[in-house]
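The values are calculated or read from the model by the stated rules, or taken from the named source; none is laboratory data. Everything quoted here is computed from the prediction, not taken from an experiment. No Cβ is skipped: glycine too gets one built from the backbone with ideal geometry, and neighbour counts run over all protein chains shown. Side chains included, ligands, DNA and RNA excluded: accessible areas come from the protein's heavy atoms. Shrake-Rupley method; radii C 1.70, N 1.55, O 1.52, S 1.80 Å.
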Amino acid sequence: MRKVIYVDNNATTMVAPEVLGAMQPFFAERYGNASSMHTFGGQVKHDLDEARAKVAHLLGAAPEEIVFTSCGTESDNAAILGVLRANPDKRHIITTRVEHPAVHSLCQSLAQEGYEVTEVPVTRQGELDLDVLVDSIRPDTAIISAMWANNETGVLFPVEKIAEIAHANGIVFHSDAVQAVGKVPINLAEVGVDLLALSGHKLHAPKGIGVLYVRRGTKLAPLLIGGHQEHGRRGGTENSASIVGLGKAAELAETHLAKQQTRIKQMRDTLERRILESTPDCFVNGHPEHRLPNTSNISFEYVEGEAILLMLDELGICASSGSACASGSLEPSHVLRAMGVPFTAAHGSIRFSLSVYNTDEEVKYVAEQVPGIVKRLREISPFTQKQK
Ligand code: PLP
């Protein structure tokens, strides 16, 4: 296979070799069911408890507040639907305009079912308008759902303040922290988030494993009703291999957190600076400071993001664009539209997202390739032809 330069770590991450190693016995000799009465199953239960403690430690939570799920999407759905079911008299949801579809599309579907949904806007730099959030609160507001960090721009929301606002009004606060966990410190002993979603495959664990953190005392109905697993909060035989893998990944994430703030941030800043210096008509989307250390979303005026991606792909470079091909037309991302990024720039946005496994050489290579690609595309672009 040709060499891949993977700078798309907000899409998914490589499973860490240590994680794979920790999981392997659970596909072979340790196949017991954690709910079984016998010692063989009991050993697996013990392994799951250890993993639970590691995840709890990463979040500053208690082990009994950790519920294992199948993915970030399930965790987000379980949080919002669980609160609504537990509080049937409350029919209003507050969320934001820039949530991941795991929250955004769910809320849109709930609106079709008759719930009332307020989507709080963001500024040009992607920051949440807290005044609108406060003004949106109603006596029948069941839940506020606001992400910890945005998957496209990396912009961080002021979750501590949102939690204070929610609690002052007796409202449950859910935060989708799928992109934040492992990249910025999270201490739920200090930040009053009631429900938090994380996803294993964003932090070097495999796909198909997630967590819903449920603060002690939060009223929540289960989404998956079945056996008594996870203390009756999520039915279904535990995915022991992936849970153990996630435990290992949580442990590694703690040791790598400092690197996020230093080495990864430095690489990201270098990448950004070099591209901005050598490419005219481009800019970074999102607040320059209040942002994940690994993420850079850059808009290149007058070019299609997809065309840039294809040319990067030819060189083995994996990144993402901010637009999705919907029904034959290229729709710019709802996040960039909510931020008011001009149409011509939103179409040409590329997200680079780094991990601890990237190297300075890779970053240098990407930074060297991008300006030439953009120049070549602009030479043939209908947008730039019109400008002439
Ligand atoms: N929330 C955010 C912010 C994400 O970035 C993602 C995945 O990209 C999800 C939720 C969904 O996570 P999963 O892929 O585990 O369902």
* What about Glu29, is it farther than 20 Å from Gly200 by Cα and surrounded by fewer than 16 Cβ atoms within 10 Å (Cβ to Cβ)? -> yes
* Just wondering, is there one or more residues in segment 118-132 that are farther than 27 Å from Ser296 by Cα, surrounded by fewer than 16 Cβ atoms within 10 Å (Cβ to Cβ) and of a type in the set (S, T, N, Q)? -> no
* To do: Looking only at segment 225-239, decide whether some residue is of a type in the set (S, T, N, Q), assigned to a loop (DSSP other than H, G, I, E, B) and either out of contact with any Lys or Arg (no Cβ under 8 Å at 6 or more places or on another chain) or open to solvent by less than 40 Å² (accessible area, probe 1.4 Å) (or both).
  => yes
* Asked: Is segment 133-146 home to any residue that is open to solvent by 30 Å² or more (accessible area, probe 1.4 Å), among the hydroxyl-bearing types (Ser, Thr, Tyr) and touching an Asp or Glu at 6+ places or on another chain (Cβ under 9 Å)?
  -> no
* Structure fact -> Within segment 253-281, restricting to residues that are among the aliphatic types (A, V, I, L, M) and under 18 Å from the mean Cα position of the chain (by Cα), the one that is most open to solvent (accessible area, probe 1.4 Å) is Leu257
* **Where Gly210 falls short, out of the listed (1) open to solvent by less than 40 Å² (accessible area, probe 1.4 Å); (2) closer than 15 Å to Phe173 by Cβ** => (2)
* Structure fact -> Of the residues in segment 157-171, those that are open to solvent by 40 Å² or more (accessible area, probe 1.4 Å) and either in contact with a Leu (Cβ under 8 Å, 6 or more places away or on another chain) or within 16 Å of the ligand (Cβ to nearest atom) (or both) come to Pro158, Lys161
* Give the residues of segment 83-142 that are hydroxyl-bearing (Ser, Thr, Tyr) and touching a residue at least 12 places away in the same chain (Cβ under 8 Å), sorted by residue number. => Thr95, Thr96, Tyr115, Thr118, Thr123, Ser136, Thr141
* Structure fact -> When segment 164-192 is checked residue by residue, the ones that are under 10 Å from the mean Cα position of the chain (by Cα), hydrophobic (A, V, I, L, M, F, W, C) and outside any loop (DSSP other than H, G, I, E, B) are Val181
* Taking segment 80-123 as the search range and keeping residues that are within 14 Å of Val155 (Cβ to Cβ) and in contact with a strand residue (DSSP E or B) (Cβ under 9 Å, 6 or more places away or on another chain), which one is farthest from the ligand (Cβ to nearest atom)? -> Pro121
* To do: Those residues that are within 13 Å of the ligand (Cβ to nearest atom), part of a loop (DSSP other than H, G, I, E, B) and touching a strand residue (DSSP E or B) at 6+ places or on another chain (Cβ under 7 Å), I need them from segment 193-208; list them, please.
  => Leu203
* Asked: Could you list, in sequence order, the residues of segment 54-70 that are more than 17 Å from Arg215 (Cβ to Cβ) and either without any contact (Cβ under 8 Å) to a residue 12 or more places away in the chain or in contact with a helix residue (DSSP H, G or I) (Cβ under 8 Å, 6 or more places away or on another chain) (or both)?
  -> Lys54
* Asked: Is it true that some residue in segment 34-57 is within 16 Å of the ligand (Cβ to nearest atom) and either over 30 Å from Asp129 (Cβ atoms) or surrounded by fewer than 17 Cβ atoms within 10 Å (Cβ to Cβ) (or both)?
  -> yes
